[in-house]
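Enquirer: Below you'll find the structure I mean.
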Amino acid sequence: MSRMLIMIVCLLVSYACHQEHDPADSLDFSGVEGFLRISSTLEEDTEPSPAAWDSLFATPGYEVLTESEFTSQFFREKFSLVFMPSKRSELEEALEQEKERPFYARHMQHYLRAQQNREKIIAYMDSLQAHSDRILEKSARKAKNYLPKMAVEDYIPVSFVIFANDARGYDPVVIDILFAMELGDKLPLLIGHELHHYYRNQMLAFNRDDIDEAFRDILWVLDQIHAEGVADQIDKRKLFSDNSSPMYPFSGPWKTMVEQAPDYIREMDETLSGINWSPGEIHAAGADLKEKLPMSGHPVGFYMANTIIAEKGEKAVKTRIGNPFAFFRLYNETARLKADETPIFSEKSMRVLNELEENIIAF
């Protein structure tokens, strides 16, 4: 066993011995622990056993990621490429070639950062666990500010992994631990945002798996705009306005995208109003709107939610939180009250949305 591997094992054992691992009040770090073991094995130029890989992907965070947007093969290939010394020249070539494919290059750069910060990551896990009650209480409170009056469960599933400088509102909520480290004391804002997604998903007025193929893209667009627009009220203002935030450098582009949101709304209105209600037309319109939707709906949704809140208050966006069609109706009602250039969806577009709702949601 190498010196580095011995150090990692000792640090993890020390960390584990100081934790109670009560699922009712602690955070889940099994994905990070598995990542550290796998990466240290790969650094020995040794391929981990199938059982070791299976153990990694059975941890709650990696399990939900590989059931949704990633594959286990993606992580196996990228981790091996980044950490195995024999693949160093292949890694350098891949990073050079993939400058035009930032999605993949960004992930590999992220894993290299994890390699350079192992000891900090382990110390940070210990710090997070020591303050888990306070972090989760603050996070849940922020999520509840934009949810209907309801009791948040005692157990809030939050799993830390290494996957990207990002987070996801799945079940469990998935947080990249390097991203969490960068956020520092602002971490509850991010967790609150993702918890909002988690609780909202439990209240959806439809089952995504039951949606007809022709409706999936357009429903995805509507749902993303609604979900991100409301959840972004929890964290975006503070993260983009505080110059100590790691997201502050992106505040300019964010502000520009929000200012441009009316352009997308007008284009969306034109697309919807041109539909003559056929599955083929709806499918084509949904695919087009999905392709053009900026940043997976964040800035458009933020603009629409801001419009509602400015006129009707925060309480208004809590109503029927699981129904994106209700959110669009509320936006349109609010936009009609304004005397400025706030874009409004036409009656034809709203009829299309109402027909979609009738086909998708069982009242």
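The values are calculated or read from the model by the stated rules, or taken from the named source; none is laboratory data. What you are looking at is a predicted structure, and each value in this text was computed from that prediction instead of being measured. Glycine also receives a Cβ, built like all others from the backbone with ideal geometry; neighbour counts cover every protein chain displayed. In case anyone asks, the SASA skips ligands and DNA or RNA and just uses the protein heavy atoms, side chains included. Shrake-Rupley method; radii C 1.70, N 1.55, O 1.52, S 1.80 Å.
Enquirer: Of (1) modelled with pLDDT of 95 or more; (2) within 28 Å of Gly322 (Cβ to Cβ); (3) surrounded by fewer than 21 Cβ atoms within 10 Å (Cβ to Cβ), Met268 satisfies all except one. Which?
Expert: (3)
Enquirer: In the set Ala305, Ala284, which member is within 13 Å of Gly229 (Cα to Cα) and part of a helix (DSSP H, G or I)?
Expert: Ala305
Enquirer: If you scan the range 307-360, which residues turn out to be under 21 Å from Tyr146 (Cβ atoms), touching a residue at least 40 places away in the same chain (Cβ under 8 Å), open to solvent by less than 50 Å² (accessible area, probe 1.4 Å) and of a type outside the set (Phe, Trp, Tyr)?
Expert: If we filter the range 307-360 for residues that are under 21 Å from Tyr146 (Cβ atoms), which is where we start, we get 307-335.
Checking the rest, the ones that are also touching a residue at least 40 places away in the same chain (Cβ under 8 Å) come to 309, 314, 317-325, 327-328.
Filter once more, so that each one left must be open to solvent by less than 50 Å² (accessible area, probe 1.4 Å): 309, 317, 321-325, 327-328.
The answer is Ile309, Val317, Ile321, Gly322, Asn323, Pro324.
Enquirer: So which of Val64, Val32, Val13 is more than 29 Å from Tyr198 (Cα to Cα) and either modelled with pLDDT of 95 or more or open to solvent by 20 Å² or more (accessible area, probe 1.4 Å) (or both)? Outline the logic, then answer.
Expert: Details: Val64 fails: more than 29 Å from Tyr198 (Cα to Cα); Val32 fails: more than 29 Å from Tyr198 (Cα to Cα).
Selected residue: Val13, the only one of Val64, Val32, Val13 that is more than 29 Å from Tyr198 (Cα to Cα) and either modelled with pLDDT of 95 or more or open to solvent by 20 Å² or more (accessible area, probe 1.4 Å) (or both).
Enquirer: Search the range 35-61 for residues being over 21 Å from Gln109 (Cβ atoms) and aromatic (Phe, Trp, Tyr), and hand back the single one that is surrounded by the fewest Cβ atoms within 10 Å (Cβ to Cβ). Can you show your working first?
Expert: Filtering the range 35-61 down to residues over 21 Å from Gln109 (Cβ atoms) leaves 37, 41, 44-55, 57-60.
Right, trim to aromatic (Phe, Trp, Tyr) and you get 53, 57.
On the way: Trp53: 17, Phe57: 19.
Looking at residues that are over 21 Å from Gln109 (Cβ atoms) and aromatic (Phe, Trp, Tyr), I get Trp53.
Condition check ((1) at pLDDT below 90; (2) more than 14 Å from Ile177 (Cα to Cα); (3) loosely packed, with under 12 Cβ neighbours inside 10 Å) across all residues:
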site: Pro85; (1), (2), (3): no, yes, yes
site: Leu91; (1), (2), (3): no, yes, no
site: Arg106; (1), (2), (3): yes, yes, no
site: His110; (1), (2), (3): no, no, no
site: Tyr124; (1), (2), (3): no, no, no
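Enquirer: Residue under question is Ile225, and the condition is that it be touching a residue at least 12 places away in the same chain (Cβ under 8 Å), among the β-branched types (Val, Ile, Thr), more than 30 Å from Tyr124 (Cβ to Cβ) and assigned to a helix (DSSP H, G or I); does it hold?
Expert: yes
Enquirer: Turning to a different aspect of this structure: Which condition number does Trp220 fail, the rest of (1) touching a residue at least 60 places away in the same chain (Cβ under 8 Å); (2) open to solvent by less than 10 Å² (accessible area, probe 1.4 Å); (3) not small (Gly, Ala, Ser) being met?
Expert: (2)
Enquirer: Within the range 157-188, track down each residue that is touching a Leu at 6+ places or on another chain (Cβ under 8 Å), open to solvent by 10 Å² or more (accessible area, probe 1.4 Å) and part of a helix (DSSP H, G or I).
Expert: Hits for the range 157-188 are Phe179, Lys186.
Enquirer: While we're looking at this one, here's another question. Open to solvent by 50 Å² or more (accessible area, probe 1.4 Å), in contact (Cβ under 8 Å) with a residue 24 or more places away in the chain and of a type in the set (D, E, K, R): does that describe Arg237?
Expert: Numbers: open to solvent by 50 Å² or more (accessible area, probe 1.4 Å): yes; in contact (Cβ under 8 Å) with a residue 24 or more places away in the chain: no; of a type in the set (D, E, K, R): yes.
Taking the combined requirement at face value, the residue does not satisfy it.
Enquirer: For Gly229, only one of the following conditions fails: (1) modelled with pLDDT under 95; (2) within 23 Å of Glu357 (Cβ to Cβ); (3) crowded, with 21+ Cβ neighbours inside 10 Å. What is its number?
Expert: Against the list (1) modelled with pLDDT under 95; (2) within 23 Å of Glu357 (Cβ to Cβ); (3) crowded, with 21+ Cβ neighbours inside 10 Å, Gly229 comes up short only on (1).
Enquirer: Could I ask something else about it? Provide a single number: the residues in the range 145-156 that are at pLDDT 75 or above and open to solvent by 90 Å² or more (accessible area, probe 1.4 Å). Full working, then the answer.
Expert: Filtering the range 145-156 for residues at pLDDT 75 or above gives 145-149.
If we keep only those that are open to solvent by 90 Å² or more (accessible area, probe 1.4 Å) too, we end up with 149.
Residues in the range 145-156 being at pLDDT 75 or above and open to solvent by 90 Å² or more (accessible area, probe 1.4 Å): 1 in total.
Enquirer: Would you please name the residue that is surrounded by the most Cβ atoms within 10 Å (Cβ to Cβ), looking only at residues in the range 246-265 that are of a type in the set (A, V, I, L, M, F, W, C) and over 19 Å from Asn354 (Cα atoms)?
Expert: The residue in question is Ala261.
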